[in-house]
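For reference, the structure discussed in these notes is given below.
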Amino acid sequence: MGPHDASRGSFGLVQRFTVVKRPEYAVRAADNTLQLLLLLQAEPDGVRVQQVAEHLGMAPSSAHRLLSTLVYRGFASQDAARRYVPGPILNGRRGVAGVAGLPAPIAGPLADLAHTTGETVSLLRRGGASVEFVGSIESRQRLRVGERTGTVLPAHLTSGGKALLAAFGDAPVRRMYTGSAARRAGIQLSAPDLESLIGELAEVRAHGYALNFGLTEAGISAIGMAVPAEAGHPPTFAVAVGAPSVRADVLTDPATRAALLDTCAALSAPLSEIY
């Protein structure tokens, strides 16, 4: 009989079922990947490299490469104990893997922060005295801050930009915003504005975050924090949570600051590896 075999049950009725056999042409790498996905779902508390290697009958180095690929694509994540657990895609966040072109290890923590705060979350990268919005995850609320991927703004007018500028001493910031180069770039600040910025950056260093109430756009507020970089290097990336000014109180909530701090810590390693 073929794949649709038949048998008779206890009441003489014909029961039809399908027998699925392992195809002869199965690609071993693909089969290993699918087996690993099933293992991750069967072990929600996590698996380790050696366990995967034994389960699939491969070397630990091969198991590690396979797990790393799944992490990159959003099918797996690593918890605080460095165990591999189901990633954002397996957990139902199917849109995370390619949000604004960001790989899953970066998009995942940003999506978690957006879910926790209920507001729009953006990743910013500094270049000189400007910041570029590398990717954003929009709030699902009707009144929300819009997606800003690709937008370039003066660093001193954004919360994320100020968080990044605060990593520098006063002297480098003064040089950045004065002189002929700053004048040609259109970012030269007057003496009072520069002193005001220097004072604000001192507060950012003391508190660990920066706030922006309507400087970039009227009616929009934000809190920004720098993503830690490798020792000896100034941070390049920052994460900002933006909200309509009518909901600005969410930005000063200690729970928001704690979630933002956790997100920046989670992004430090993948950002240094990918960019």
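Rank these by accessible area, largest first, 1.4 Å probe: Asp193, Asp253. Could the numbers behind the result be given before it?
Details: Asp193 90, Asp253 65 Å².
My answer, sorted largest first, is Asp193, Asp253.
Tell me, in nm to one decimal, what length is gained between Ile198 and Asp170 on full extension, where the rule is 0.36 nm per residue of separation less the Cα-Cα distance?
Working: separation 28, 0.36 × 28 = 10.08 nm, distance 0.65 nm.
Extra length available between Ile198 and Asp170 comes to 9.4 nm.
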Integer Hz, Karplus 6.51/-1.76/1.60 couplings in order for segment 31-36, x for Gly and Pro: 5, 4, 4, 5, 5, 5
Based on Cα positions only, what radius of gyration and what Dmax would you give for segment 104-274, in angstroms? 15.2, 45
Accessible area per residue, 1.4 Å probe, Å², for segment 135-242: what's the number? 50
Distance (nanometres) between label positions extended 7 Å along Cα→Cβ at Leu143 and Asp31: 5.9
From Cα coordinates alone, what are the radius of gyration and Dmax values for segment 185-241 in angstrom? 13.2, 37
A correct Karplus calculation of ³J(HN,Hα) over segment 219-226, with 6.51 cos²θ - 1.76 cosθ + 1.60, θ = phi - 60°, whole Hz and x for Gly and Pro, returns x, 10, 10, 7, 10, x, 9, 6
Pop the C-beta distance of Ala229 and Ala42 into the FRET formula with R0 = 30 Å and round what comes out to the nearest 0.05. 0.20
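Taking 0.36 nm per residue of separation and subtracting the Cα-Cα distance, what length does fully extending Glu132 through Ala206 add?
Working: separation 74, 0.36 × 74 = 26.64 nm, distance 2.48 nm.
That pair, Glu132 and Ala206, stretches by 24.2 nm at full extension.
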Karplus-derived 3J(HN,Hα), 6.51/-1.76/1.60, for each residue of segment 191-203, Hz, glycine and proline x: 4, x, 5, 5, 5, 5, 5, 4, x, 5, 5, 5, 5
If each residue of separation counts as 0.36 nm, what is the full-extension length gain between Ser190 and Ser272 once their alpha-carbon separation is subtracted? 26.0 nm
Largest-first ordering by accessible area, 1.4 Å probe, given options Ile106, Ile187: Ile187, Ile106
In what sequence, largest accessible area first, do Leu261, Leu124 appear using a 1.4 Å probe? Leu261, Leu124
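Classify segment 28-86 as rounded, prolate or oblate from the Cα gyration tensor: take a ≥ b ≥ c as the square roots of its eigenvalues, call it rounded if a/c is under 1.5, otherwise prolate when a/b beats b/c and oblate if not. Mind showing how you got there, number by number?
Values: a/c = 1.42, a/b = 1.31, b/c = 1.08.
Because its axes are fairly even, with a/c under 1.5, segment 28-86 counts as rounded.
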Nitroxide proxy distance, nm - points 7 Å out along Cα→Cβ at Gln51 and Arg65: 2.4
Portion, in percent, of the accessible area of segment 28-86 that falls on carbon or sulfur, probe 1.4 Å: 54
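The values are calculated or read from the model by the stated rules, or taken from the named source; none is laboratory data. Here the structure is a predicted model, which is why all the values come from computation and not from measurement. For neighbour counting, all protein chains shown are included, and Cβ atoms are generated from backbone atoms with ideal geometry for every residue, glycine included. The protein model used for the area step is the full one, side chains on, heavy atoms only, and it has no ligands, DNA or RNA in it. Shrake-Rupley method; radii C 1.70, N 1.55, O 1.52, S 1.80 Å.
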